[in-house]
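Here's the structure, in structure tokens; my notes come after.
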Amino acid sequence: MNTVDAKACPIIANHIKVALVGQPNVGKSMLINSVSNAHLHVGNFSGVTVDKTEVLFDYKDYHFTVVDLPGTYAFTDYTIEERVTHEYLCAEDYDIIINVVDSTNLEKNLQLTSELLTMSKKVVIALNMSDEATKEGININAEYMAELIGVPCIKVSAATKEGIAELIEAVMLKHETPKNKPKLVFSESVEEEIAQLVWYLDKHKFKSTNSYRNIAINLLKGNKKTYAKLHDEPIWVELQPILIEASKHIELHHDSDDIKESFAEEYASFNRGIAAEVLKQKKQEEKKTLTEKIDSVLIHPLFGIPIFLFFMWLLFQLTFEIGNIPMDYIDMFFTWFGNTIGATIANDDIRSLIVDGVIAGVGAVVLFVPNIIILFIGIALLEGTGYMSRVAFLLDGFFHKFGLHGQSFIPLVTGFGCSIPAYMSARILKNDRDRLLTLFIIGFMSCGARLPVYVLFAGAFFAPDMAGNILFGIYVSGALLGLVAAKVLKITAFKGKDEPFVMEMPKYRLPTFKLIWHTVLTKTMMYLKKAGTFIAGASMLIWFLSNYPHNSELIKSYETKIETTQDKALKLRLGHQLSEAELEQSYLGTIGKFSEPLFTPLGFDWKMSVALQAGLAAKEVVVSTLGVLYALGSDVDQESSSLMGAISKNIPFPSAVAFIVVIMIYLPCLAASIVFTREAGHIKYFFYLFAFTSVAAYVMAFIAYNVTLLLV
Amino acid sequence: MKTLLDCHKACKVKILKLNTSGDLKQRLISFGIMKGAEVEVLEHAPAKSTIEIKVGKMRIALRGEEAKLIDVEKI
Ligand SMILES: Nc1nc2c(ncn2[C@@H]2O[C@H](COP(=O)(O)OP(=O)(O)OP(=O)(O)O)[C@@H](O)[C@H]2O)c(=O)[nH]1
Ligand SMILES: [Mg+2]
């Protein structure tokens with residue numbers, strides 16, 4: 001091939017597929033973000049990434065595919081997300097592994113590294129967080145380390161982008177050079193046994209892609225896959241007794257009856273040796289690190305939980321107070337926009353479709369963007385600072401009483417943003433029962449899309465200085481209901497033993513402004529995109545259903561009435577009655593009227609019933625539907641032109657309370673239901689969830705309606 | 001025999017034995033909680049339902065029930 005050709009088809013010529021592997025929370029995802037222009041989710045706790053994601057970028061003549069994998073402490077398949085990583089590494093095709101390592105905690109991170117070294121793959125080690133290491137006075141001699149273990153080691157910082165170019169260069173270089181054997185040395189007694197097994201494999205010229213040494217190590221460690229592979233080979237008959245004998249020797253040497261533990265000790269002493277050789281701690285470590293000082297306040301046995309509740313309260317207070325400032329302007333903008341656009345459209349029907357359908361529906365959803373942004377900032381801070389794991393720690397005792405795992409807190413909090421990533425992040429739970437239980441109650445954590453409904457109703461029925469508290473109350477009672485639901489499910493459907501709770505507590509980090517900005521921006525853009533596409537479409541549909549069929553007789557009978565009367569007030573009233581009557585006999589009105597009896601015990605009129613049913617598609621649709629229905633409906637006079645006004649005027653308070661209760665409990669949305677079904681593993685769980693949430697929502701709303709009726 | 005659960009706040013101990021097996025043992029080991037490791041108790045949640053410990057440079061939260069399975073001696 002000549003050079004011109006090579007340039008013409010670089011895709012085939014230089015393609016490197018890199019798998020990014022490391023322990024949780026070492027900055028794998030952030031590293032990818034800093035080498036490409038991806039915006040993978042980054043957070044300061046273990047288990048941010050729960051599924052593999054591919055990112056493509058070009059560097060010099062190379063096309064890179066980098067696969068971000070969930071963090072894993074060791075190859076133990078403890079949780080689903082760790083299984084994803086393990087399976088990927090064993091079964092998929094890739095060229096090279098970048099092992100990301102936290103420089104500030106080298107010895108512990110090397111555990112996974114030493115396991116990776118037995119995989120017979122090309123490995124490059126990225127010593128990440130070098131900026132933090134420098135600050136803590138830790139100095140790693142990367143060249144010496146590379147020499148000791150036989151793989152390139154590059155100091156990088158995903159945060160400051162230091163060393164990123166060197167890392168990529170090292171990957172390219174490694175890709176071009178043939179595989180060499182990493183140096184992983186065990187204690188003498190283990191080395192003896194390895195040598196014996198290798199000798200045996202060599203004698204029989206056993207065929208394998210992995211080196212004999214690695215096979216021997218994996219056999220001794222009791223690696224299931226290697227066992228399964230060799231089990232069917234003819235040499236197994238002779239090999240097995242040798243293996244048993246060898247394992248006994250090692251166990252004897254380690255004074256243990258568990259070969260896995262013995263190997264863990266072997267690895268640990270190797271890692272300790274490496275760390276001692278290459279690591280220089282300049283500063284004497286402080287007695288108490290900053291993280292420990294902060295922890296002594298934030299996870300204080302007495303004050304910890306009140307402090308957490310205060311933060312939550314503050315967040316919802318801000319969500320309402322600050323979020324509502326731009327609301328009037330957004331409202332004004334959409335009214336103006338509707339009028340301006342409306343004036344240019346001659347056809348009555350099309351004008352109504354655009355103004356009363358699309359603009360009213362989308363406007364009602366966009367109205368709440370500021371509130372949502374503040375909520376997202378709160379969640380981003382919770383995730384980015386390291387406080388998340390602390391709250392899981394604080395709440396574990398409490399959660400445990402309700403049959404939940406402390407770590408469930410992480411998917412549950414994610415659920416306040418959106419249920420979809422929350423369902424995914426339940427993968428960090430080891431036990432299927434815990435995971436299913438958590439999946440079932442994630443919906444009780446009100447997602448960002450429900451916030452608009454709450455803000456709308458809280459604003460409609462309460463004074464502004466109370467509304468923030470009401471919002472906080474709604475969220476807390478949703479969460480408490482979730483806990484009760486968990487308890488009910490735990491003693492009925494998901495009985496069983498409790499799973500252990502062991503969780504790493506990361507050090508506190510101050511997330512950069514850029515990181516928060518990107519996280520919030522990505523989520524907000526998603527919300528806006530949904531408003532512009534899905535919600536706009538749904539609003540059109542609702543508009544059609546509520547405008548057709550036209551009943552010309554009805555219109556005529558009202559029009560003659562209006563013409564014959566001289567009274568202006570009566571004329572206006574008749575006009576309102578006409579539009580109301582038209583709405584009632586539309587398709588949507590028919591559907592609403594049909595299902596009305598079901599909802600009458602909860603105090604809902606047909607418009608609310610329709611909005612709730614439409615909300616099964618997505619919670620934003622509740623607001624947009626109400627927006628369309630009340631824009632078309634009777635009250636279009638000045639002071640109740642806003643949706644909030646229309647709601648406070650048309651909906652009695654007890655019905656509003658019941659409405660909120662239903663919104664709190666019933667299914668999040670169509671997309672979330674699909675993800676739920678996938679994560680739960682069977683369609684039957686979806687039907688259980690649907691039945692469970694619907695019944696719970698109905699019963700609770702019925703109680704809420706009647707109690708409120710008594711009280712007011 | 002003293003277990004990790006019996007330890008007070010700020011007490012430093014050495015691990016003698018993990019009285020568990022299977023997945024949990026593997027998990028503890030991968031966190032560095034293994035024979036011979038030195039551990040410091042940082043914080044207790046109310047009623048010792050959950051405790052925070054420090055192993056090497058890593059802070060780990062675990063439940064009282066799990067802490068009870070870890071035999072330790074004072075150093
Ligand atoms: N100071 C500093 N912080 C970093 C660096 N790299 C990552 N971080 C922070 O470390 C935390 C974890 O980063 P992630 O990229 O989410 O880690 P991960 O390895 O993908 O974690 P999992 O997906 O949970 O396995 C975040 O709070 C980052 O801001 C770095 O080089 N320097
Ligand atoms: Mg990640």
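For the reader, a short list of remarks on this structure follows.
- A:Ser419, sole failed condition from (1) touching a residue at least 24 places away in the same chain (Cβ under 8 Å); (2) away from chain B (no Cβ under 14 Å); (3) out of contact with any Cys (no Cβ under 9 Å at 6 or more places or on another chain): (3)
- Which listed residue, of A:Thr134, A:Thr104, A:Thr113, is free of Cβ contacts under 8 Å to residues at least 24 places away in the same chain and within 22 Å of A:Lys280 (Cβ to Cβ): A:Thr134
- The one condition in (1) touching a Leu at 6+ places or on another chain (Cβ under 9 Å); (2) more than 14 Å from chain B (Cβ to nearest Cβ); (3) surrounded by 14 or more Cβ atoms within 10 Å (Cβ to Cβ) that A:Lys183 fails to fulfil: (3)
- Any hit, segment A:327-340, residues being of a type in the set (Val, Ile, Thr), open to solvent by 20 Å² or more (accessible area, probe 1.4 Å) and over 29 Å from A:Asn469 (Cβ atoms): yes
- For segment A:21-117, the helices (runs of 4 or more DSSP H) that sit wholly inside it and include 1 or more residues that are of a type in the set (Gly, Ala, Ser) and under 24 Å from A:Ala159 (Cβ atoms) are A:28-35.
- Reported count of residues in segment A:422-455, each being farther than 30 Å from A:Tyr78 by Cβ and surrounded by fewer than 22 Cβ atoms within 10 Å (Cβ to Cβ), is 0.
- Look at (1) within 16 Å of ligand 1 (Cβ to nearest atom); (2) touching a residue at least 60 places away in the same chain (Cβ under 8 Å) and you find that A:Leu69 fails only one, number (2).
- Checking A:Phe263, A:Phe316 one by one, the residue that is away from chain B (no Cβ under 13 Å), open to solvent by less than 30 Å² (accessible area, probe 1.4 Å) and modelled with pLDDT under 90 is A:Phe316 and no other.
- Considering residues of segment B:37-46 that are open to solvent by 40 Å² or more (accessible area, probe 1.4 Å) and in contact (Cβ under 8 Å) with a residue 12 or more places away in the chain only, the residue nearest to A:Arg390 (Cα to Cα): B:Glu40
- Within the set A:Lys161, A:Lys155, A:Lys135, A:Lys121, the sole residue that is on the phi > 0 side of the Ramachandran plot and open to solvent by 30 Å² or more (accessible area, probe 1.4 Å) turns out to be A:Lys161.
- Residue within segment A:510-524 that is away from ligand 1 (no atom under 16 Å from the Cβ), open to solvent by less than 30 Å² (accessible area, probe 1.4 Å) and in a helix (DSSP H, G or I) present: yes
- Segment A:120-159, residues that are under 31 Å from the mean Cα position of the chain (by Cα), among the hydrophobic types (A, V, I, L, M, F, W, C) and assigned to a helix (DSSP H, G or I): A:Ala133
- A:Ile244 vs. criteria more than 14 Å from chain B (Cβ to nearest Cβ), surrounded by fewer than 12 Cβ atoms within 10 Å (Cβ to Cβ) and closer than 25 Å to B:Ser30 by Cα: yes
- Residue that is nearest to ligand 2 (Cβ to nearest atom), among those in segment A:39-57 that are surrounded by 16 or more Cβ atoms within 10 Å (Cβ to Cβ) and closer than 17 Å to A:Val520 by Cβ: A:Val48
- Residues being assigned to a loop (DSSP other than H, G, I, E, B) and either in contact with a strand residue (DSSP E or B) (Cβ under 6 Å, 6 or more places away or on another chain) or at pLDDT 90 or above (or both) are entirely absent from segment A:654-665.
- One residue from A:Lys28, A:Lys60, A:Lys17 being away from chain B (no Cβ under 14 Å), near ligand 2 (Cβ under 10 Å from one of its atoms) and open to solvent by 10 Å² or more (accessible area, probe 1.4 Å): A:Lys28
- Residue count for segment A:338-351 under the criterion of being assigned to a helix (DSSP H, G or I) and in contact with a helix residue (DSSP H, G or I) (Cβ under 7 Å, 6 or more places away or on another chain): the result is 4.
- Selection within segment A:661-683 - among the β-branched types (Val, Ile, Thr) and touching a Phe, Trp or Tyr at 6+ places or on another chain (Cβ under 7 Å): A:Ile665, A:Val675, A:Thr677
- Candidates A:Thr590, A:Thr600, A:Thr625, A:Thr564 - the one that is within 18 Å of A:Trp543 (Cβ to Cβ), free of Cβ contacts under 8 Å to residues at least 12 places away in the same chain and either within 36 Å of the chain's Cα centre (by Cα) or open to solvent by 20 Å² or more (accessible area, probe 1.4 Å) (or both): A:Thr590
- Selected residue (only one of A:Lys280, A:Lys260, A:Lys293 is outside any helix (DSSP H, G or I) and among the charged types (D, E, K, R)): A:Lys280
- Selection over segment A:490-509 of residues that are more than 14 Å from every other protein chain (Cβ to nearest Cβ) and open to solvent by 50 Å² or more (accessible area, probe 1.4 Å) gives a count of 4.
- Long-range neighbours under 9 Å by Cβ, at least six apart or interchain, first residue on the phi > 0 side of the Ramachandran plot within segment A:205-230, second open to solvent by 60 Å² or more (accessible area, probe 1.4 Å): A:Gly222/A:Lys260
- Look at (1) of a type in the set (Ser, Thr, Tyr); (2) open to solvent by less than 30 Å² (accessible area, probe 1.4 Å); (3) at pLDDT below 90; (4) within 16 Å of ligand 1 (Cβ to nearest atom) and you find that A:Ser103 fails only one, number (3).
- Residue list for segment B:58-75, filter: open to solvent by less than 60 Å² (accessible area, probe 1.4 Å) and either in a strand (DSSP E or B) or facing chain A (nearest Cβ under 7 Å) (or both): B:Met58, B:Arg59, B:Ile60, B:Ala61, B:Leu62, B:Arg63, B:Glu66, B:Ile70, B:Asp71, B:Val72
- If you filter segment A:68-80 down to residues that are more than 14 Å from chain B (Cβ to nearest Cβ) and touching a Lys or Arg at 6+ places or on another chain (Cβ under 7 Å), you find that the one that is farthest from ligand 2 (Cβ to nearest atom) is A:Leu69.
- The set of residues in segment B:2-24 being open to solvent by less than 40 Å² (accessible area, probe 1.4 Å) and within 7 Å of another protein chain (Cβ to nearest Cβ) consists of B:Leu24 alone.
- Of all the residues in segment A:36-54, those that are more than 7 Å from ligand 1 (Cβ to nearest atom), among the β-branched types (Val, Ile, Thr) and modelled with pLDDT of 90 or more number 1.
- The residues in segment A:385-402 that are open to solvent by 10 Å² or more (accessible area, probe 1.4 Å) and either touching a Lys or Arg at 6+ places or on another chain (Cβ under 7 Å) or more than 13 Å from chain B (Cβ to nearest Cβ) (or both) can be counted, and the count is 3.
The values are calculated or read from the model by the stated rules, or taken from the named source; none is laboratory data. Here the structure is a predicted model, which means the values were calculated and not measured. Glycine also receives a Cβ, built like all others from the backbone with ideal geometry; neighbour counts cover every protein chain displayed. Just so you know, the surface numbers come from the protein's heavy atoms only, side chains and all, with ligands and any DNA or RNA stripped out. Shrake-Rupley method; radii C 1.70, N 1.55, O 1.52, S 1.80 Å.
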